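**Student:** Have a look at this one.
The values are calculated or read from the model by the stated rules, or taken from the named source; none is laboratory data. Computed from a prediction, not measured in an experiment: that's the story for all the values here. Every residue, glycine among them, receives a Cβ derived from its backbone with ideal geometry; neighbour counts consider all protein chains shown.
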Amino acid sequence: MKKYLYLVTLFIIATCQAARAGMLKGRVTDTKGLSLPFAIVYIDNTTTGTSANADGLYQLTLKPGTYKVVCRYMGFSQVMHTVTIKGEETVMQDFALKDQGLEMKEVTIKDEDPAYAIIRKTIEKRSFHLKQVRSFQTGIYLKGVLRNRLLPDVGIMKLMAGKDAKGKKDKKEVAEALGMDSTGKAVLYLCEEKADYYSAEPDKRRTVIHSVRESGNPNGLGFAQMPPVITFYENNINLLDNISPRGFISPISDNALHYYHYKYEGEFKEGKYTIDKIKVIPRRAYEPLFEGTIYIVDGDWAIHSLSMLLTKKSGMSFLDTMRIDQAFLPLREDTWVIKNQVWYPTIKILGFDITGSFVTVYDNQKVNEPIPDTIFGEKVISIYDKTANKLDTGYWTNVRPLPLEEDESTDYKVKDSIRIHDEDPHIKDSVRRMGNKLSLTGLLLTGETVNTKEYKQSFSWNPILPIFDGMVNYNTVEGLNIAPKLWWAYKADTGKTLSAKVAMRYGLSNEHFNAIAKLMYRNDSRDWKGRNWTIGIEGGRYVFQYNPDNPIPEFYNTVSTLFYRKNYMKIYERWQAAVAASRNYGNGFKWNGKFEFQHRIPLSNTTGYNWASPNVLPFTDNLPAGLGAYRWAEYNAVLLKLSASYQPGYSYVQYPDYKMPQSSNWPVFTLQYEKGIPGLVNSITDFDKWRFSIKDNIRLKMLGSLSYVLAAGGFFNTNYVGIPDMMHLDGDQTALATTYLKGFQLAPYYKYSNAESVYGEAHIEYNLQGLLTNKIPLLRQARWYLIIGNNTFYARQNNYYTEAFISIDNLGWKLLRFLRIDFVESWDNTGANHAGFRIGINASGPLRISVRNDGGEW
């Protein structure tokens, strides 16, 4: 009993002491009074501390006691003050730092700069410092902010402000509608996070996010995977994929001496340590290299601190500049741990001049201490506390290690007010009604969507012009045809969706009217994103291409038919009734199946109208070239189609209310099977068709990336195979490229169609992503990438096709770099040799052009 009372007493005393913790506050400046942003302030001989904010203001919660408090900033001599905290009080302590006085080493005079000897020793010990951390755990505070510092063009601002700019003509008034002041300055994004991070060899990691706050977004979730440490002990440093796909070469990598010059600038003492200051200079422009200053701990040959800059000449493809500052503290003998890290991105786009700072403060670091196995369970790499984004301002006032700057405090208040205004039901409904207004662009080019109240239902239809799945097209079978498509969707709060699609089509030349419809029910898991199942039915009569993958977009065929007398698209008519189902488990595995009845009807050309030169060859028959022996009459077909795919290696982020799968580095394996069932409702189709494929993208760091699709397939049984059921190459006979890593850029559409028992297919692309082109003056400044590759189909000695290509990728301007030009040369079993150019859209670029066909043929 006495022991129990003793423990309770100790607990009460400890709790009271924690409650009586005081606050140390102050400002960090140089001797002239200028603020030193993000200086580190910490307790001597510990890693406990904080960072100042961009104005040099800091705050540090401390229990009662006397402390030696150190302030450090790159390029300045550290300062130590003794501070006493007596209780629940605020103690003010400013720091004024002097410029760092440097001494020069006594060295033997020789041609080489002393920096090279220091760097060589650091490189020799790089692997030691990298591998000495077998496990790591730390507390993290992140504050990210993006600001605009220049008033954009009034037209751009009006476009972004939308209805908020209505009736405003003055530039300053429009700026205010966007939350900017009269000079264009504004906080565009503000986020804070508190988390714990754990890692262990070989590849275990987890971030536990305790709290997150996004300005203006009460449901904001910030960054699920904060970069805990960008370690310059790695040879290749990958910041973000959209900054540079190849990564950047560390100034202390194994091969760094081939890429960098170094200049010794002196040394200084910091406690018992001697710190060497070295300037890092790239040997060549337009290589993925840093420039800046690195401080090395003499003897330990460890990084003390650094400031590294990346620019467009470093090969960045998204930002204009990025500076990374890091500061380390000694944890114990020969072990230095990160204390703070700051990213400073800048970008100019569409008249906006955006600058940012993402400061990460690390605390309570532990190296090579035991971590419970339960921390790394269930493949969850990040997990949020249930209340992570529900905490109030009082919580953040108590836990925030960096004081907010004035404009940040204002931004929280202003955006909260705007959010409350925008969440008013009347305002939301007004926005909906504004969005429902029809526009000339929507009617002609992009299609229109109308939403009902609370966005429960939506109605959409395709545009009039044929560029993006438009209503009006032309072909030699139907002539001018009108093909409206309508979509309807009802979304319930439970994650269930009921949707329908109706397509109608009338050919003015053949006078056929067709209509088809489908009804789909989809159930999405509310607590596991990406996990869903669907069922659906469809039926009607419509026009289809012989190749169910629709290799010829109707717009392309309209242009080629009218202007060049090339009627590439070959079509037939069919009645059909089908039932389909699919399931995605959200873990890399998914399947789908379809059972359908088809009544297939051949069609013939009914018009020859065109605007081509009289010297051009006449139109071809509607039956695909090379398949004349397959002339056919109407018949019935019953088909069963099954497909399953799996990508191993999925990981997950557990948000407060749901789990989100993350992409995997493993290949995608896909198996497809299709059965033609004879006898049922007079079906004459009788075949068994299969295909197995592997798709992957391999990052090769400095060497670029390798993407491939390898496939094998064929027919087990070919008693009756109709033209639509054959194996068709995704060919291309227009100047616009077909789908990369799937299509054949010069192959005639149906020349290689077959029902072979076994065939092989390969699509391989090696993207150098700046390698080699960064050596050619004009190309490196344009930031164009070189791609080489091959597409091959092989069935047997007298049935194969192959093509090789060399491409220039990343064409465009600023962020709009989505174009690609290919030069392709092809060979086949007949000895035919062709060459040509194709213009395409980079699949990994920011632009996506698609039509809403729900994965079907229509």
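**Student:** Here are some conditions: (1) under 30 Å from LEU623 (Cα atoms); (2) at pLDDT below 90; (3) outside any loop (DSSP other than H, G, I, E, B). TRP858 meets all but one. Which one does it not meet?
**Tutor:** Among (1) under 30 Å from LEU623 (Cα atoms); (2) at pLDDT below 90; (3) outside any loop (DSSP other than H, G, I, E, B), TRP858 violates only (3).
**Student:** Look through segment 489-520, keep the residues that are loosely packed, with under 15 Cβ neighbours inside 10 Å and in a strand (DSSP E or B), and return whichever of them is nearest to the chain's Cα centre (by Cα).
**Tutor:** LYS496
**Student:** Can we say GLU369 is modelled with pLDDT under 90 and surrounded by fewer than 16 Cβ atoms within 10 Å (Cβ to Cβ)?
**Tutor:** The answer is no for GLU369.
**Student:** Inspect all residues belonging to segment 337-346 and state whether any of them is part of a helix (DSSP H, G or I) and within 26 Å of GLN662 (Cα to Cα).
**Tutor:** no
**Student:** Only one of GLY33, GLY65 is exposed (fewer than 14 other Cβ atoms within 10 Å of the Cβ), modelled with pLDDT of 65 or more, over 30 Å from GLU406 (Cβ atoms) and small (Gly, Ala, Ser). Can you tell me which?
**Tutor:** Exactly one of GLY33, GLY65 is exposed (fewer than 14 other Cβ atoms within 10 Å of the Cβ), modelled with pLDDT of 65 or more, over 30 Å from GLU406 (Cβ atoms) and small (Gly, Ala, Ser), namely GLY65.
**Student:** What are the pairs with Cβ atoms under 6 angstrom where one residue, in segment 766-777, is touching a residue at least 60 places away in the same chain (Cβ under 8 Å) and the other, located anywhere, is part of a loop (DSSP other than H, G, I, E, B) and among the hydroxyl-bearing types (Ser, Thr, Tyr)? Sequence gap at least six, or different chains.
**Tutor:** ASN774/TYR286
Residue-wise test of (1) out of contact with any strand residue (DSSP E or B) (no Cβ under 7 Å at 6 or more places or on another chain); (2) farther than 20 Å from ARG574 by Cα.
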site: LYS456; (1), (2): no, yes
site: ILE464; (1), (2): no, yes
site: PHE468; (1), (2): yes, yes
site: ILE482; (1), (2): no, no
site: LYS485; (1), (2): no, no
site: LEU498; (1), (2): no, yes
site: LYS501; (1), (2): no, no
site: GLY507; (1), (2): no, no
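Okay, residues lined up against (1) among the hydroxyl-bearing types (Ser, Thr, Tyr); (2) modelled with pLDDT under 95:
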position	(1), (2)
ILE764	no, no
GLN769	no, yes
THR773	yes, yes
GLN781	no, yes
THR792	yes, no
GLN797	no, yes
LEU816	no, yes
LEU819	no, yes
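**Student:** Determine the pairs where a residue that is under 21 Å from PRO401 (Cβ atoms), located within segment 351-373, has a partner that is at pLDDT below 90 and assigned to a loop (DSSP other than H, G, I, E, B) with Cβ atoms under 7 Å apart, the partner being 6 or more residues away or on another chain.
**Tutor:** Final answer for the pair search is THR360/MET226.
**Student:** Report, by residue number, each residue of segment 404-421 that is of a type outside the set (Asp, Glu), within 28 Å of GLN59 (Cβ to Cβ) and surrounded by fewer than 17 Cβ atoms within 10 Å (Cβ to Cβ).
**Tutor:** SER409, THR410, LYS413, VAL414, SER417, ARG419, listed by residue number.
**Student:** Quick one: in segment 521-531, of everything that is without any contact (Cβ under 8 Å) to a residue 40 or more places away in the chain and not charged (D, E, K, R), which residue is surrounded by the most Cβ atoms within 10 Å (Cβ to Cβ)?
**Tutor:** Result: ASN523.
**Student:** Which count do you get for residues in segment 655-676 that are out of contact with any Asp or Glu (no Cβ under 8 Å at 6 or more places or on another chain) and either modelled with pLDDT under 95 or aliphatic (A, V, I, L, M) (or both)?
**Tutor:** 6
**Student:** Also: If GLY626 passes every condition in (1) surrounded by fewer than 17 Cβ atoms within 10 Å (Cβ to Cβ); (2) modelled with pLDDT under 95; (3) within 34 Å of the chain's Cα centre (by Cα); (4) not aromatic (Phe, Trp, Tyr) but one, which one does it miss?
**Tutor:** (3)
**Student:** Got a number for residues in segment 55-80 being in contact with a Phe, Trp or Tyr (Cβ under 9 Å, 6 or more places away or on another chain) and farther than 17 Å from ARG27 by Cβ?
**Tutor:** Final tally of qualifying residues: 2.
**Student:** Restricting attention to segment 716-749, which residues are among the aromatic types (Phe, Trp, Tyr), within 37 Å of the chain's Cα centre (by Cα) and either more than 25 Å from ARG574 (Cβ to Cβ) or surrounded by fewer than 22 Cβ atoms within 10 Å (Cβ to Cβ) (or both)?
**Tutor:** TYR740, PHE744
**Student:** A further question on this structure: Just give me the residues in segment 629-648 being in a loop (DSSP other than H, G, I, E, B) and modelled with pLDDT under 95, in sequence order.
**Tutor:** Once the filter is applied, which keeps residues that are in a loop (DSSP other than H, G, I, E, B) and modelled with pLDDT under 95, segment 629-648 yields ARG631, TRP632, ALA633.
**Student:** Look through LYS437, LYS413, LYS491, LYS386 and report the one residue that is out of contact with any Ser or Thr (no Cβ under 8 Å at 6 or more places or on another chain), basic (Lys, Arg) and in the same structural domain as THR620 (by TED's automatic domain parsing).
**Tutor:** LYS437
**Student:** Separate question: Only residues in segment 130-144 that are free of Cβ contacts under 8 Å to residues at least 12 places away in the same chain count as the first member; pair them with residues that are assigned to a helix (DSSP H, G or I), Cβ under 6 angstrom, at least 6 apart or cross-chain, and list the lot.
**Tutor:** Nothing qualifies.
**Student:** Scanning segment 639-673 for residues that are without any contact (Cβ under 8 Å) to a residue 60 or more places away in the chain and surrounded by 18 or more Cβ atoms within 10 Å (Cβ to Cβ), which turns out nearest to SER757 (Cα to Cα)?
**Tutor:** THR670
**Student:** Same structure, new question: Among the helices (runs of 4 or more DSSP H) lying completely within segment 391-481, list those that include at least 1 residues that are closer than 25 Å to ASP493 by Cα.
**Tutor:** In segment 391-481, 406-422, 425-435 are the helices (runs of 4 or more DSSP H) which contain 1 or more residues that are closer than 25 Å to ASP493 by Cα.
**Student:** Looking for something modelled with pLDDT of 75 or more, crowded, with 18+ Cβ neighbours inside 10 Å, touching a strand residue (DSSP E or B) at 6+ places or on another chain (Cβ under 8 Å) and outside any helix (DSSP H, G or I) - is there at least one such residue anywhere in segment 170-186?
**Tutor:** Looking for residues that are modelled with pLDDT of 75 or more, crowded, with 18+ Cβ neighbours inside 10 Å, touching a strand residue (DSSP E or B) at 6+ places or on another chain (Cβ under 8 Å) and outside any helix (DSSP H, G or I), one finds at least one in segment 170-186, hence yes.
**Student:** Report those strands (runs of 3 or more DSSP E) wholly inside segment 59-146 carrying at least 2 residues which are among the polar types (S, T, N, Q).
**Tutor:** 79-85
**Student:** Same structure again: crowded, with 18+ Cβ neighbours inside 10 Å, assigned to a strand (DSSP E or B), of a type in the set (A, V, I, L, M, F, W, C) and outside the structural domain of ASN842 (by TED's automatic domain parsing): is that true of VAL229 in this structure?
**Tutor:** no
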